[in-house]
1. Can you run down the residue pairs with Cβ atoms below 7 Å, 6 or more apart or on separate chains, where the first is in segment 158-169 and over 17 Å from Pro116 (Cα atoms) and touching a residue at least 12 places away in the same chain (Cβ under 8 Å) and the partner is among the charged types (D, E, K, R) and surrounded by fewer than 19 Cβ atoms within 10 Å (Cβ to Cβ)?
2. I need a count of the residues in segment 82-105 that are of a type outside the set (A, V, I, L, M), under 16 Å from the mean Cα position of the chain (by Cα) and buried (at least 18 other Cβ atoms within 10 Å of the Cβ).
3. Taking Pro112 and the conditions (1) without any contact (Cβ under 8 Å) to a residue 40 or more places away in the chain; (2) out of contact with any Leu (no Cβ under 8 Å at 6 or more places or on another chain), which numbered condition does it fall short on, given that it satisfies the others?
4. Exactly one of these conditions fails for Asp156: (1) crowded, with 16+ Cβ neighbours inside 10 Å; (2) closer than 20 Å to Ser45 by Cβ; (3) at pLDDT below 95. Give me its number.
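The values are calculated or read from the model by the stated rules, or taken from the named source; none is laboratory data. Bear in mind that the values here come from a model prediction, so they are computed numbers and not experimental data. Glycine also receives a Cβ, built like all others from the backbone with ideal geometry; neighbour counts cover every protein chain displayed.
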Amino acid sequence: MGRESGTREKRGRSMTGFATSRSPALADRGALSFTAYGVPAPQGSTRAFMRPGMKHPVVTADCKRTKPWRQAIVDASREVMAGRVPLGGPVEVRVVFYLPRPKSAPKRITEPAKLPDLDKLIRALFDALTAAGVWRDDAQVVQVDARKAFAGGLVDAPAGVPRADIVVEEA
């Protein structure tokens, strides 16, 4: 990706840096490119506790918004998979998470440098892609290019809808 005076090249790439869905290079390599709509939610930690008289621990998740967000990713990825077999080798993932801009954020704040953590957003994405059958195991991922941005911000001026733009391809 070349850079001229601080901007990205537009040929075959969107302003987010992802190859567009019409790019012949992606079609030849078998890349999956899709968008999951909804407010990105972090995976969070699981907690286990024992109830009196029970043999097995009860496991709960921290974030209640994670389940619907993961389901949105599963639905979007299965639509694109359309009968394909799961990727078997090394995999590269590129993703931009578009988060809603808080009403209280001043205009000088251009990047979401607060919660949710980018690594927890990636963890939720990887778990959803594993559940959707995009790959056999998220251990196959050898390279990740991830970013958080405000929906309707500098990177996403026209759309303004919370979502994640995702590209998965064999390395």
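1. Glu169/Arg29; Glu169/Glu92
2. We begin by selecting, within segment 82-105, every residue of a type outside the set (A, V, I, L, M); these are 83-84, 86, 88-90, 92, 94, 97-98, 100-104.
Still in the running and under 16 Å from the mean Cα position of the chain (by Cα): 92, 94, 97-98, 100.
Filter again for buried (at least 18 other Cβ atoms within 10 Å of the Cβ), leaving 94, 97-98.
Looking only at that region, the number is 3.
3. Pro112 satisfies all of (1) without any contact (Cβ under 8 Å) to a residue 40 or more places away in the chain; (2) out of contact with any Leu (no Cβ under 8 Å at 6 or more places or on another chain) except (2).
4. (2)
Table: residues versus (1) at pLDDT below 85; (2) within 20 Å of the chain's Cα centre (by Cα).
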{"position": "Thr20", "(1), (2)": "yes, yes"}
{"position": "Pro40", "(1), (2)": "no, yes"}
{"position": "Lys64", "(1), (2)": "yes, yes"}
{"position": "Val80", "(1), (2)": "no, yes"}
{"position": "Arg108", "(1), (2)": "no, no"}
